[in-house]
1. In a shell of Cβ-Cβ distance under 11 Å around ASN89, excluding ASN89 itself, what net charge do Lys and Arg (+1) and Asp and Glu (-1) give?
2. How large is ³J(HN,Hα), in whole Hz, for each residue of segment 292-300 in order, when computed from phi with the Karplus curve 6.51 cos²θ - 1.76 cosθ + 1.60 and θ = phi - 60°, using x for Gly and Pro?
3. Give the relative contact order (percent, whole number) for segment 65-132; include only Cα pairs under 8 Å separated by 6+ residues.
4. Within segment 62-119, report the chymotrypsin sites (Phe, Trp or Tyr not before Pro) that DSSP leaves as loop and that have at most 12 other Cβ atoms within 10 Å.
5. Over segment 133-255, what percent of the accessible surface lies on carbon and sulfur atoms, probe 1.4 Å?
6. Over segment 365-501, with every protein chain in place, what whole percent of the accessible area is carbon and sulfur at 1.4 Å, could you tell me?
7. Net charge within 15 Å of CYS408 by Cβ-Cβ distance, Lys/Arg positive one each and Asp/Glu negative one each, not counting CYS408 itself?
8. Could you give the nm distance between label points at LYS65 and HIS371, where each point is 7 Å from its Cα heading toward the beta carbon?
Amino acid sequence: MLSCKTLLSRRTKTIRKNKNKKSKNSKRSNSFSTKQNPISEKYQQEEDIEEEEDGDGVEEGFNLKASAPSQSHGVQPLGNLYLSPGSVNSRNTGLGNLQTLTDELVLEVLGFLGGAHLGVLASVSKSFNVFANHEPLWRNLVLDNLKGRLLYNGSWKSTYIAAHYPSFDVSNICVLGLRVRDFYSDYLFQSWLCANLEMKPEWLQRDNIIRRRGISVEEFISDFEEPNKPVLLEGCMDNWVALEKWDRDYLVQVCGDVEFSVGPVEMKLGEYFRYADQASEERPLYLFDPKFGEKVAILGSEYEVPVYFREDLFGVLGSERPDYRWIIIGLAGSGSSFHIDPNSTSAWNAVIKGSKKWVLFPPDVVPPGVHPSPDGAEVACPVSIIEWFMNFYGATKTWKRKPIECICKAGEVIFVPQGWWHLVINLEESVAITQNYVSRRNLLNVLDFLKRPNASTLVSGTRDRVNLYDKFKSAIEASFPGTIDHLTQKAEEKKAQQKKPSFWDSVTDSKAGAFKFSF
């Protein structure tokens, strides 16, 4: 158990919304400046920590996964340097004049190198050996330059070497790497820590979502869809064939050699499960495929859209509609960092196997640690989901408007209203289906979104982003004449009603605190 109270360094990544995939594993971005060394400000001596743990309201330490490997090069958090009088950070001596650069910047520079040059650089000094063997560098090399199949070989460096030098025996690569004494780095240590931390119990305790079973469609619309409120629905998957059949063996059998979208690459399902069995990293790859029903028709026939979500007006576009449904398969720790679903749609997410932790914020509350750009095209947030929980989750305890949270288990469906921020992490290996849809309740919002001036940047899931508004509006008017005008009129009446003063407002002089006569 780690007994530190540190919040660690706050790294950020940028999510660009102009991707055609609903979720994509993205590289680290330096869009927002970060401090090199907040750990050293938070680390305290063991005796002080133990005293604090006896008090009320003190954050407990973190637990590592039982399968967690030791830190590959012996990297320690920078705070430990101050607990070791006389020690010199070998990170600096091994970098020479480059020691003035932050760890993030060193890695950004090394990110321009190819595998052969990283291998040469690793032999220059112990410090460069640590940096040049940083796994995310090799991960990016594999994912950006992959030609052919991705066969994961226990580490990204081994995977790269096996792909580019087939005759080389990757089993000869030392898994633990070169151990370096007195190497202190918050950034490198946190990458390992986030990959190997268990979810803390307190991160899983809050369950404040409304749960419903057996409600009518009318109740769902009036209580949740129209007021734009999340709800967890139970019992509406009970007749799904997928709920009984979709285990690993069955999925591998029916999918065969079909390749699915996994981040920026394509993988067979068996290959992805091979990766899932070996990987231990901060941001695990996530299988997220929008064409699974076309690729493997039987998968699309073994579930049905719950009755609450069957009105999907994007269907009028036929084959030209944006991507709207995905099969999602992920190992424990994988998931999606904070985002808003594409094109102002609402969504439902049904868990078939496993379980997921959800954290949701309403449209007018930006989650802590999340920084959307003014036009909404980009979102900067912590690099990994675990990092967000470590650094920012605790702050929500004191908020008046706390997030909606739940653990969605197999057989349960969560409704995610349009515009809501949400984060999802798989607590175990999970299989799910999700669909985005447009009903009469959010049709006007979708149309407004599609006609924004920067629609070519914001709209996703389709090649024709610029003309989607005109196509969709025309198709709606042809299929459902008068619907848009009717909904617009209702929206204007509702807006006017909200502005109309009540009886007491009309007879009370708010400034004088007394009645006024209006006749």
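The values are calculated or read from the model by the stated rules, or taken from the named source; none is laboratory data. For clarity, every value in this text was computed on a predicted model and none was experimentally measured. Note that each Cβ is placed from the backbone with ideal geometry, even for glycine, and that neighbours are counted across all protein chains shown. Surface accessibility is based on the protein's heavy atoms, side chains included, excluding ligands, DNA and RNA. Shrake-Rupley method; radii C 1.70, N 1.55, O 1.52, S 1.80 Å.
1. Values: positive: ARG91, ARG181; negative: ASP182.
Summing Lys/Arg as +1 and Asp/Glu as -1 gives +1.
2. Result, rounded to whole Hz: 4, x, 6, 6, 10, 4, 5, 5, x.
3. Numbers: 34 pairs, mean separation 19.2, N = 68.
So the answer I get is 28 percent.
4. Numbers: sites: PHE62, TYR82, PHE112; in loops: PHE112.
Sites meeting the loop and neighbour criteria: PHE112.
5. Working: 3070 of 6190 Å².
Carbon and sulfur together cover 50 percent of it.
6. On the way: 3140 of 6170 Å².
Ligands and nucleic acids excluded, carbon and sulfur give 51 percent.
7. Details: positive: ARG206, ARG211, ARG212, ARG213, LYS353, LYS356, LYS357, LYS409; negative: ASP207, GLU234, GLU405, GLU412, GLU428, GLU429.
Neighbourhood net charge equals +2.
8. Roughly 3.0 nm, to one decimal.
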